[in-house]
1. Taking the stretch 196-217 as the search range and keeping residues that are touching a Leu at 6+ places or on another chain (Cβ under 9 Å) and of a type in the set (A, V, I, L, M, F, W, C), which one is surrounded by the fewest Cβ atoms within 10 Å (Cβ to Cβ)?
2. Restricting attention to the stretch 29-42, which residues are in a loop (DSSP other than H, G, I, E, B) and touching a Gly at 6+ places or on another chain (Cβ under 7 Å)?
3. Restricting attention to strands (runs of 3 or more DSSP E) lying wholly within the stretch 720-760, give those where 1 or more residues are within 30 Å of the chain's Cα centre (by Cα).
4. Give the stretch 646-697 a look and list any residue that's more than 22 Å from LEU33 (Cβ to Cβ), part of a loop (DSSP other than H, G, I, E, B) and more than 16 Å from the ligand (Cβ to nearest atom), or say none.
5. Residues that are among the basic types (Lys, Arg): which helices (runs of 4 or more DSSP H) entirely in the stretch 291-386 hold 1 or more of them?
6. Looking only at residues that are without any contact (Cβ under 8 Å) to a residue 40 or more places away in the chain and part of a loop (DSSP other than H, G, I, E, B) in the stretch 571-606, which one is farthest from THR497 (Cα to Cα)?
7. Consider LEU207 carefully, then state whether it is in the same structural domain as LEU93 (by TED's automatic domain parsing), at pLDDT 95 or above and under 30 Å from ARG133 (Cβ atoms).
8. Can you find even one residue in the stretch 343-365 that is away from the ligand (no atom under 16 Å from the Cβ) and not assigned by TED's automatic domain parsing to the domain that holds LEU52?
Amino acid sequence: MITHASYGVEPWCLRENVLNLDVLPQSESVFALSNGHVGWRGNLDEGEPHGLPGSYLNGVHELHPLPYAEAGYGYPESGQTVINVTNGKVIRLLVDDEPFDLRYGRLVSHERVLDLREGVLRRTCEWTSPAGRTVRVRSTRLVSFTQRSVAAVAYEVEAVDSEVRVVVQSELVANEQLPTSPKDPRAAAVLESPLAPEEHFAGGRRLRLVHATRRSGLRVGAAADHTVDGPDRTRSSSESGDDIARLTVTSVLEPGQRLRLEKFVAYGWSSTRSLPAVSDQVDAALAAATDAGWPALVAEQRAYLDAFWSHADVEVDGDEGIQQAVRFALFHVLQAGARAEQRAIPAKGLTGSGYDGHAFWDTETFVLPLLTYTSPDAVAEALRWRHSTLPAARERAAQLGLRGAAFPWRTIEGSEGSAYWPAGTAAFHVNADIADAVVRYVSATGDGQFARDTGGELLVETARLWRSLGHHDVHGAFHIDGVTGPDEYSAIADDNTYTNLMARSNLLAAAEFVESHPEQAAALGVDEEESAAWRDAAEAVHIPYNDDLGVHEQHTGFTRYQHWDFAATRPDQYPLMLHFPYFDLYRKQVIKQADLVLAMYTCPGFFDEEQLARNFAYYEPLTVRDSSLSACGQAIIAARSGHLGLAYDYVVEAALMDLDDLENNTRDGLHIASLAGTWTALVAGFGGMRQDADTLAFTPRLPQNLSRIAFNVQVLGRCLRVEVHATAVTYTLLAGPELSISHYGEPLVLAADESRSREIPDVRPRPTPDQPPHRRPNAHR
Ligand code: BGC
């Protein structure tokens, strides 16, 4: 955990003004730049020191065999791992014979700023070499939102007080040596030299490397071009080898003189295109970037982000740290998804190799809600990616003896990548999570074309899965037995409430789709009997309830289990999965992450206010939050059950997950779901926003720590602004025609440009539930 104030609190940027090498790996994640297609960790320009060098291309992975001591039928045989592709960031510097390396000499000053409006990472530093020569280095780096394959760096070195001879080496480097990964299952399996060289080129100021992965059969190209501006004695040359291509620039700088390099890098990859085609592809992308030039790339980046912020910003008064954190969160979630274009959005985005670069239910349940209301096109693309993996999901369902499609628990290319089936294959809820994202996207955008060509098929194939996975008992009740819900400290349980409620919504949504789209239904082979069976199952879904306690059970029998011995568990024994066997966690009442509590957010219509409060009070003292996905769900339900102070503490925890490295693994990449959850906790928690069929419903309420929040959302082609104060809220339709919403159940119709204000009802006081010892939310700011 980062215990010192690493970053200054400012509304629109993240500033680090001292370089602390102890937290370099974390800061590389925090300062990562990406557009969802290309990702560059915030490594120092000169490459070393580093925590984890990282350059990623969404979808580029290698396969490796999954070893089992005891194999079984249907175990996935091949694992997938994201690989570190060709590094185009490296710019090394030699100052009068001494490598510019911050571990030596004297670092006079060092500042890095991630600018959330400009979309660039700026670095300024002054360094005196061991031989006493002082230089100032400035760099600005971007990964372009507008030119999807392109990243660029503007790099300047200046002599400060004496003449210096400088050599700048701008490189493309493949197969960088990586540090071995810690023994944490959440880190990546490091593959050594994953790229086989196919082509290298250097000519003038242009460089190119093309490699291929050894097993997954992907071809990866990177090309770079440069502009160089320096005093008269500036010369350059270039050379290339299998794994390196380099432009070397030499110059002699008088005090105050600068050498400036602009480096444009283009990436491309393919599983089908030939070597010449991939070479041409990266050269062409590079030509577009150099033709635009550095100032235009910077201006396009700013314009792209201005448009994003104008309809996605969240303003927070009363806590500057949360203000900064929510913008940081929005920025990184946008980076993860903006240009992913029919590729997955991994749990770490493209900020690190944690979880092997896999995408989980995190995408549909945590990331897509934010993007639905701020950047809906990215949602359609993410769901089109799921759709493109339907063949693998159908094959998996067939292998498991089921109908329809069984989407993978974790994956890069669509096949199941989890070697641990109790918390992998058995976590079938991912299918309903995908369906839920489809329904939300279509309700929020009215995108009928998407519903017809993509969404409907996802609903139908997942409904088929549920109907074949569950069964009606002799009384007619529909059960889904032997599955794992969101809480990974329970597994292979019967009738997990979250799963059953989500499956119910999935079955009903599919039935509604086939009724409203008879042609598509016929094309998908759905007849009336099949959709009637979905409705029957949905209406008969069994939801386990403990009458004595008056609470819903997380799964059948859960509330009968022995309680975990929290009093005997030391603070250093969390996360529990790294210190206790799963077998013991599975048979006790202890919850890794919001499960039933999450169901109360995703299926709100099923729980009335009293039930919600009782369930929350029961599950809070059992929930240890060993997953970063938990705090935001708990924040929302705490807010909805009137525990506003507690909700605020959870918002703080979700918001600071990476900025303060609360789980000690930010080095592996950012927790994109938790970042997205910060937004959701504010908007769905304190804003009380929920999608009720085709309308947005609001039940806003602020904690004492905040005096105002204001957020903009995009819905049905309109832009709606919601401004919440302590006692009143104002809804304003900023753009688009008339819109119906609701405020605490009261329908409101907003005309174009109209604002309407409403009072906020008082909270009904209730005793605040406890958390397990040592697991209170981390509200240390
Ligand atoms: C959580 C899962 C999550 C995964 C990736 C695990 O620790 O329990 O719910 O999908 O991390 O973020």
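1. Within the stretch 196-217, the match that is surrounded by the fewest Cβ atoms within 10 Å (Cβ to Cβ) is PHE201.
2. Of everything in the stretch 29-42, those that are in a loop (DSSP other than H, G, I, E, B) and touching a Gly at 6+ places or on another chain (Cβ under 7 Å) turn out to be PHE31, ALA32, GLY36, ARG41.
3. 728-735, 739-743
4. Listed by number, the residues that qualify are GLY687, GLY688, MET689, ALA693, ASP694.
5. 294-312, 320-337
6. Applying the filter and picking the extreme gives HIS579.
7. Against the criterion (in the same structural domain as LEU93 (by TED's automatic domain parsing), at pLDDT 95 or above and under 30 Å from ARG133 (Cβ atoms)), LEU207 qualifies.
8. Yes, the stretch 343-365 has at least one match.
The values are calculated or read from the model by the stated rules, or taken from the named source; none is laboratory data. All of these numbers come straight from a predicted model, not from anything done at the bench. Cβ sites come from the backbone with ideal geometry, for glycine too, and all protein chains shown count toward neighbours. Surface accessibility is based on the protein's heavy atoms, side chains included, excluding ligands, DNA and RNA. Shrake-Rupley method; radii C 1.70, N 1.55, O 1.52, S 1.80 Å.
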